[in-house]
Every structure is written in structure tokens, then in C-alpha cells.
Amino acid sequence: MTTEPRNPPPQYVLRLKRALGGKAGWTGLAVQIVFAAVLAWVAYEIVANARTNLETQRIASGFGFLRNTAGFDVSQNLISYTGSDTYTRVFLVGLLNTLLVSVIGIVFATIIGFVLALCRLSPNWLLSRLGEIYVEIVRNLPLLFQLLFWYLAVLAALPAPRQSINLFNAVFLSNRGLVIPRPIGQAGLDPFLAAVAVGILGSLLLRGYARRALFQRGQAIRIGPYVLGLLVGLPLLTMLIFGLPLTFELPQLRGFNFAGGSRVIPELVALVVALSTYTAAFIAEIVRAGIQSVHKGQMEAGSSLGLSRGATSRLIVMPQAMRVIVPPLTNQYLNLTKNSSLAVAIGYPDLVSVFAGTTLSQTGQAIEIIAITMGVYLVLSLVTSAIMSVYGWRINRSLGA
Amino acid sequence: MTDISASSFVRQHLVPERAAPVKTTGLFGFLRTRLLNSPTNILFTILALALLWYTIVPALKFLLVDAVWSGKDRNACLADNAGHQVGACWPYIQAKLTQLIYGFYPAGERWRVNLTFAFAAALLLPLLIPRLPAKRLNASLFFFAFPAVAFFLLRGGGLTGFGVSWVAGLLQLFDDSIVNAGQILVNLSRGSAIGPLLWGTGKIIVLLGSLIGWLILPLSWLRDRLQASGQPLWFDFVLTAAIVSLIFFALSGGTRTGQRALVGSLVTFFGIAIVIKLMGLDRGGLPVVDTRLWGGLLVTLVVSVTGIVTSMPIGIALALGRRSTIPLIRIFSIAFIEFWRGVPLITVLFFATYMLPLFLPGNFSVDGLVRALIGIALFAGAYQAEVVRGGLAAIPRGQGEAASALGLSWWKTTSLIVMPQALRHVIPGLVNSFIALFKDTSLVSIVALFDLLGSLHATFSDPTWSTPSTAFTGFAFAGMIYFVFCFGMSRYSLFVESRLNAHHRH
């Protein structure tokens, strides 16, 4: 005869206590009630004060202003925009400009950061010292200081367009900004893009197939030549059949300014330079810490298996370092995006500058505009941290398996 | 026996001596192993040398060799007049130095700023040197007494009341506000579906408000009597001192163990009295200098020190809240921290400048500098909270459990056992966020406060000194100041870190 284990007593009161007040029990419940009352009172004060203040200052409220005509011009727009468009359009223009500068900045910051990290890890004493000096100087000066330095001192000291710094007669750098050749799409553009897309997709599929073959059947397949053929050969083939995809319109100096080509405004140049050099210093430290976090024995084990130095770094050290690098690296990307709001200091038309700056001063609707602006950045960072949690969860899962 | 020399294993001749190993020490060894040990490395060394040559040499040339050291206006710094290529224009810094340090603070009152700087240095330096004694007193002076003294020194003005008046005034405001809120709820209940509920809540709130009103009646009466007397500040001060000291005395165990607290409280109040008397706060104090006149390094330091001092309690409270088991408090802390960490500081400053005044009562105008300070304190507090939380997570559970086993309450466990250890763990992290905060103070120049960077920017538009090298000179000067502060802080944090990790060294 077996004795059934007795069920634990239900303890409804205890469970209720836990649910309502955490470990602190009834005291916790009382604290919560008082806290909720205080929050309610603060919220009431805010709403009541805002209402009276808006009435006395005759400021409209609500989001109706978004449909009004903006009536000001923006010096750089990725989508068509004129002064007669609405504030919604202004918001979109600003948001796109913010995203543009963030993406360019992230690309450059990553490149510079990795190069710097390699410098700092180099066995060459002078090179690693140089990397260290760069990191120390850049990290110990405020970003706004560096931004203003590039914009007010360096870019302003550049020569006028007539004497601009000239690279191969195609790229001109002057105090009016950077003038680069403008790509013009030709008949061959669509097939070319399609070929590139097919090439990328094909190589990804091939890589997946090769990995599966390696892991499941132990069969090593060399996919290098096929990938090269897909990525380079296919687009070249379409170019031969359909003609050149792009032609470039070279900028020409006419009078006091340039005709043709596309102009990158100096504000964008300064912002990209400042953001990428600043963030690169932080990225360099993150990458260095990540690579150093991989135990020396891993490298030695790799070479004892007969792998070359490059292969060991690529196949053994980097994958383990990336696990340490990726979360703080994402954080830095997020920081760069948030820091791009410093654009307002030099007048680059980003979200904060055109929306929380110009639009706010025109309409006076501070609450709505600042709430929208903060909301955009908040959504960006919450989405990023959600993606990072998924990444961390996957890493943990793969480590546990 | 065989002849041993017949064995082929016996060596007949001396082995020739090997060449000495490649020298790895000394200058040449160093050069050989760290700079020139392979063709790639030689290439890298040459590249690095070229880089150094093209950055250090022009920089030194600009700062020292080609620099102009004296002059009255821009003419001295023009290449035509100087007769050579002009580097840094130092007379421009000399002319603008006061603006870069004090802003437009009146010249006759600048001794007050200098005195504040001196106080800060005198209190901060002993705090930073671990070997010096009396850290507790020093820290409490720096974090509590110094801010108040600095406020009256820098801004000026006096006091008309003390504790009793302030408490009475605040309670009055609070009471009015909740009675109002209750009334509005009662009025709302008429046309609403959940009318009775609203009516009931409103009535309860009104009742609560009038109850508080009755409770504070003696206090308000006392305040009115005090204000009517000839010396409102001193009477109020003595009354506050007596009440607070008695409360401390009673709370620390009355006649049994309370003497220490009583003496401490009385000494503190005596100190406050001396400060009030010395600065003449009872007679209107020093002349008021409006914060719009403040600028330069003064604003940078005021904003960063206030940010550091105020963000610590906010951060500690939020970190404890985030680890609390009480659901509402935890949710609120998480939301608060994630919100401030998710938005850029500029939007926070815009929020503080344009939105905050709308949220405050209409008759309650807040100074521009204070608004920026509120924004920065909230922003930095959220970052500190995450650092402190890291420290709290590093403390083994056993510490807290042992404390509860000894019968300590949650407050005592936290303040005596867990928090001191946690904070000691995260000193480097805290200093890191102090550095970030110090650098971020430069952003206040965007909301029309003239900190060091803002003042520098403002001097560029002065036609008296507009030369091609003005901007570079200004940035070189301000950059050195920023670098010295930030680099100093980071080195100090490294020093503290190595001191705390002394037991890890072998």
C-alpha cells in the first residue's frame, strides 16, 4: 500500500498577501496604496497645472497642428519637401535625416573602431601606444566639443569652393561641404540590382547548405569559388548584356560654386566625422576587451590543431569574442543614434532640430512635440534592447546545448 | 670491463659555445622585439612614425612655436602683422579668460566664485585621499553643508524663515492641492456613469484634506506668530533646532542612548547658526547675482557637481526600488529608469526647459539653470541606478540573510550591511558615469546656458578677436580644461580600483 503525498495546505491568505504586497506582505500593500496615491496626486497636479498654464498662455493643445502647413525650408531632405508641406512631413524629413546620419556614422564608427582595436592589440609597441593615445584623448573630451571643433574650426577653415581640395577631379572638399559625383540610373540598373540580390540570396543558401553538409554528414564543401561567381560574376554578366547600370555626373566648378554632382552639406560631414570618431574610441575598447576575453589557450589549441593564425582568429577567437562584443556594441550604436540629436547645435536638420526646434518654436506646443520626439527615441531603444534580449537568450541556449 | 672511450656516446670534443641569445632588454632589445621584429612590423612602425610626425609636430608648432603671446586685439594675431605664419593666438585667451571662467558674473563679486571654488577644493581633496581621517565628517560637509553654503555664496540673498515656516508652507500647498482635487472629483461625479464612486473618492479626499488642515493649524499659527515677531529667522531657527534635536533624541533611544544624537544635532545647528551669522543671511545676505549672468567654467562645475550630488540619492532609491519585491514600486522604478535611459539628453533638456514650466503651478517660476539641473539630475539618476544595481547584485545573498538573522530591519540591513559594500564595489562605475555627466554638461549650452563650451562659442563672434586661428586656439584651451578634469577622474577611478582589488594581487 502506497501513501499518497499530501497536498500542501492551500494558504489562500498567504498567497493573496504575496500577490498584493510581495515579500513585505500587508506592509507592502500599504506602501503600494500610499505610493499609488502619491502618483495619482502628482499626475493630477501635472494635468491641472498644464491645463491652466496652457489656457493662460493661449497655447492650443492636441495633435491637430500636425496637419498645418509648416512654411519653412529644410536644408536637406531625402523625400520631396517644400515649405508648403505639413508638419507631419517635417517630422518624416527629420526622422529620415536622423536615420541617415546614424547609419553612416555607425558604418564608419565600426570600421574605425575595429581598426583601432587591432592597433591597440598589435604587438607593435608604437602602434598600440598610438591607439591608446587616440582613445584617451577622444574619450575624455565632450562630444559636443568635438562636434563644434569639426564644424566651427576645421570645416570653417577649409578653402572656398574655387580653391577646394580636389581628389581625382571628382570629389571636392570645401567650406560649402563635400561635393561628390552623382550616380544616375541607366537602363541596366534594374537587372543589375536583381542580379546582386540573386547573388546575395544564392550565396546565403549555399552557405547554409554547406554548413548542414558539414555538421550532419561531415562533408566539407568548398563554396568560395561559387560564392565569388554569384556575387561578382552574375552582376558582371548582366552588365555585359544590359549595359552599364549607373553613370556618374561629375561636379564642375562654375563661377563661385559647383554645378552637377551632389552636395553633402558641411553639417552632415561634421556630424558624421564627430560621431564616428567619438564612438569609434568606445567601440575600440569594447572590441579589445572582447578579444582579450577569449582565453589564450584557445589560440594555442587552434595552432596545435594545425590551423593558421588567420584561420584561428576567424574560426575560433572571433566567434567567441563576438559573444562578448555584440551587446555593448549594440549599446554604442544606440548611443550614436541618440547622440546624433546633437545635430541641433550645428543646425543639421535632424529630428530634434527641425521638429523639437523649429516646429516647437513656431507652434509652441511643447508637450505634444517633445512627447513625440522622446517617443521616437524611446521606441528605437526599446526595440534594440528587445532584439538584444532575444540575442542573449539564443546565445545562452546555444551555450547550454 | 670495456674501455669507456670506445663507446660512441661519449663526446670527444667540446661543444662549440652558442651565440648569446638575442637581447630582449634595454633600448635595443626593446626596439628589436617590439618594433622591428618582422617586415610587417617595420612597416607599421614607419607608418606610426609618419602619423606622429604629421600630428604632433604641427600641433606643437601651432601651440608653441608659431603662437603669438601678447597683443591687444586681432591685429597682433594676423600673419601680415606678426611677420610669420600665426599659430595659437594666446592674447585672445587672456582677454577672454574671465568670460570663460565666470561668464558675466559681476567683476566686483567674483571673489565669491573664487571662495566657492576654494571651499570645494578644500573639502574634496581630503575626501579623495584615502589615508586622511574623518571621512564621515568630510563627506557630510561636502554633500550637505557645502551645497547650501555655495548656493548662498554664488547666488546671494538671505532667509526670512527656517524649518517651521518651510514645513508649514509646504503642507499648506499640499493640503490646498488635494482639497482642490477632491472638489473636482465631486463635481465630475454629476454627469458620469461611475458617479457614486467618484463622489465617494472625492469626498474622502476632501475629508482627508480638511483633516490635514486641522492638523497643520497649530503649525501655521506658529508661523504667523513668528513672522509677526521682530526676528522671524532666529526665533524660527531656535524652534526648529529644539524640535529636530528632541525628535532625534527620542528616536535614538531617549535618555538611555540618545545623548550622542542630541549632541550631534545641536552641534550641527550651531554650525548652521554660525554660517547664517557669518554670511548675514538674517539681514538679506549677499547681493543677488541672477543665474543668467553665470557662465563659463562656473556653470560647468555647478551643473556637474549638482548633478553628481543629486543623482546619487536618486540612483540609490531607484536601484533599491528596482530590486524591491513590492510590485508597484518595482514596475515604477523599471519604467522610470528605462524611460530616462532611452531618450537623448538633449530631449531631456528640452523637456526641462519647455515642458516642465507648464507642469508647475503658474505662480511658481523656476530659474533656467535650476530647470536644466532637474533634467540632468533625473537623467543621471537613471544611469546611476543601473550602476548601483550592478553593485547590489554583486553582494552575496548571505550578507542580507545574516543581517536579518541578527534581527536587523530591512532599512538597517540595507543601510549598514548591503549598501556600503555595494557602493564600494561600483566606485569605478560611478566615477565613469561622473565623467559622462561632466562631459554631458556641455549640452546645456544648447538650451541657452553659457557653460564653458557655450562661453567659448560666444567669444568666437567677437569681431575684436576674429582671426583664422581664433577658433583653434579656443578649442585647444577649452579642450585642455575638459581633458584635465575627465582624465584626472578616470585615473583616480583606476587608482581606487587597484586599491580595492589589492587582495586580488599576488
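Summary of values
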{"read-out": "Exclusive hit being within 21 Å of B:Leu171 (Cα to Cα) and either polar (S, T, N, Q) or modelled with pLDDT under 80 (or both), set B:Leu219, B:Leu207", "value": "B:Leu219"}
{"read-out": "Subset tally (residues that are among the charged types (D, E, K, R) and either within 29 Å of the chain's Cα centre (by Cα) or within 14 Å of chain B (Cβ to nearest Cβ) (or both)) for the range A:52-67", "value": "2"}
{"read-out": "Residue match in the range B:82-100 (condition: buried (at least 17 other Cβ atoms within 10 Å of the Cβ) and of a type in the set (D, E, K, R))", "value": "yes"}
{"read-out": "The range A:188-222, residues that are aromatic (Phe, Trp, Tyr), modelled with pLDDT under 85 and farther than 30 Å from A:Leu244 by Cβ", "value": "A:Phe215"}
{"read-out": "Residue tally, condition part of a loop (DSSP other than H, G, I, E, B) and open to solvent by 10 Å² or more (accessible area, probe 1.4 Å), over the range A:332-354", "value": "2"}
{"read-out": "Subset tally (residues that are under 23 Å from A:Arg394 (Cα atoms) and open to solvent by 60 Å² or more (accessible area, probe 1.4 Å)) for the range A:293-329", "value": "9"}
{"read-out": "Flag for B:Ile243 being more than 29 Å from the chain's Cα centre (by Cα), of a type outside the set (D, E, K, R), surrounded by 13 or more Cβ atoms within 10 Å (Cβ to Cβ) and on the phi < 0 side of the Ramachandran plot", "value": "yes"}
{"read-out": "B:Leu141 vs. criteria outside any loop (DSSP other than H, G, I, E, B) and over 33 Å from the mean Cα position of the chain (by Cα)", "value": "no"}
{"read-out": "Flag if A:Ser128 is open to solvent by less than 20 Å² (accessible area, probe 1.4 Å), of a type in the set (Gly, Ala, Ser) and closer than 26 Å to B:Thr40 by Cα", "value": "yes"}
{"read-out": "Cβ pairs under 7 Å, 6+ apart, first in the range B:99-120 and farther than 13 Å from B:Arg155 by Cα and in a helix (DSSP H, G or I), second polar (S, T, N, Q) and open to solvent by less than 30 Å² (accessible area, probe 1.4 Å)", "value": "B:Gln99/B:Ser455; B:Gln99/B:Thr459; B:Leu100/B:Ser455"}
{"read-out": "Enumerated strands (runs of 3 or more DSSP E) restricted to the range A:68-187, each holding at least 1 residues that are facing chain B (nearest Cβ under 10 Å) and among the charged types (D, E, K, R)", "value": "none"}
{"read-out": "Residues of the range A:1-28 classified as assigned to a loop (DSSP other than H, G, I, E, B) and either open to solvent by 70 Å² or more (accessible area, probe 1.4 Å) or aliphatic (A, V, I, L, M) (or both), total", "value": "10"}
{"read-out": "Of the criteria (1) open to solvent by 30 Å² or more (accessible area, probe 1.4 Å); (2) more than 14 Å from chain B (Cβ to nearest Cβ), which one A:Ala210 fails", "value": "(1)"}
{"read-out": "Long-range neighbours under 8 Å by Cβ, at least six apart or interchain, first residue within 7 Å of chain A (Cβ to nearest Cβ) within the range B:437-450, second basic (Lys, Arg) and surrounded by 22 or more Cβ atoms within 10 Å (Cβ to Cβ)", "value": "none"}
{"read-out": "Flag if A:Ile46 is open to solvent by less than 70 Å² (accessible area, probe 1.4 Å) and at pLDDT 80 or above", "value": "yes"}
{"read-out": "Test for B:Phe472: is it at pLDDT 90 or above and within 10 Å of chain A (Cβ to nearest Cβ)", "value": "no"}
{"read-out": "Out of A:Ile395, A:Ile372, sole residue that is at pLDDT 85 or above, β-branched (Val, Ile, Thr) and part of a helix (DSSP H, G or I)", "value": "A:Ile372"}
{"read-out": "Looking only at the range A:295-327, and only at residues there that are at pLDDT 90 or above and of a type in the set (A, V, I, L, M, F, W, C), the one that is farthest from A:Ile106 (Cα to Cα)", "value": "A:Leu305"}
{"read-out": "Members of the range B:43-54 that are surrounded by 12 or more Cβ atoms within 10 Å (Cβ to Cβ) and more than 9 Å from chain A (Cβ to nearest Cβ)", "value": "B:Ile46"}
{"read-out": "Meets criteria (away from chain A (no Cβ under 11 Å), modelled with pLDDT of 90 or more and either part of a helix (DSSP H, G or I) or open to solvent by 40 Å² or more (accessible area, probe 1.4 Å) (or both)) for B:Phe477", "value": "yes"}
{"read-out": "Helices (runs of 4 or more DSSP H) contained entirely in the range B:374-461, each with at least 1 residues that are open to solvent by 70 Å² or more (accessible area, probe 1.4 Å) and of a type in the set (Gly, Ala, Ser)", "value": "B:397-405"}
{"read-out": "Flag for B:Ala59 being modelled with pLDDT under 85 and either aliphatic (A, V, I, L, M) or within 23 Å of the chain's Cα centre (by Cα) (or both)", "value": "no"}
{"read-out": "Filter result for the condition that a residue is among the polar types (S, T, N, Q), closer than 30 Å to B:Ala76 by Cα and out of contact with any strand residue (DSSP E or B) (no Cβ under 7 Å at 6 or more places or on another chain), over B:Thr464, B:Thr413", "value": "B:Thr464"}
{"read-out": "Residue match in the range A:357-374 (condition: touching a residue at least 60 places away in the same chain (Cβ under 8 Å), away from chain B (no Cβ under 11 Å) and over 24 Å from A:Leu96 (Cβ atoms))", "value": "no"}
{"read-out": "Single match in A:Leu158, A:Leu178 (criterion: more than 30 Å from A:Gly224 (Cβ to Cβ), at pLDDT below 85, of a type outside the set (Phe, Trp, Tyr) and within 25 Å of the chain's Cα centre (by Cα))", "value": "A:Leu178"}
{"read-out": "Helices (runs of 4 or more DSSP H) wholly inside the range B:250-368 containing at least 2 residues that are open to solvent by 20 Å² or more (accessible area, probe 1.4 Å)", "value": "B:254-257, B:259-279, B:296-323, B:327-342, B:356-359"}
{"read-out": "Inter-residue pairs, beta-carbon under 9 Å, first touching a residue at least 12 places away in the same chain (Cβ under 8 Å) and closer than 23 Å to B:Arg323 by Cβ and in the range A:1-29, second not basic (Lys, Arg) and not in a helix (DSSP H, G or I), 6+ apart", "value": "A:Lys17/A:Gly25; A:Leu29/B:Ile326"}
{"read-out": "So A:Val383, is it assigned to a helix (DSSP H, G or I), within 11 Å of chain B (Cβ to nearest Cβ) and β-branched (Val, Ile, Thr)", "value": "yes"}
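One line per residue, one yes/no per condition, for (1) closer than 28 Å to A:Asn53 by Cα; (2) within 12 Å of chain A (Cβ to nearest Cβ); (3) touching a His at 6+ places or on another chain (Cβ under 8 Å):
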position	(1), (2), (3)
B:Leu301	no, no, no
B:Ile308	no, no, no
B:Pro313	no, no, no
B:Ile329	no, yes, no
B:Leu349	yes, yes, no
B:Asp367	yes, no, no
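The values are calculated or read from the model by the stated rules, or taken from the named source; none is laboratory data. Since we're looking at a predicted model, the values are computed, not measured. A quick note on method: Cβ atoms are made from the backbone with ideal geometry, for glycine too, and the neighbour counts reach across all protein chains shown. Note: accessible area is taken over every heavy atom of the protein model, side chains too, but ligands, DNA and RNA are not part of it. Shrake-Rupley method; radii C 1.70, N 1.55, O 1.52, S 1.80 Å.
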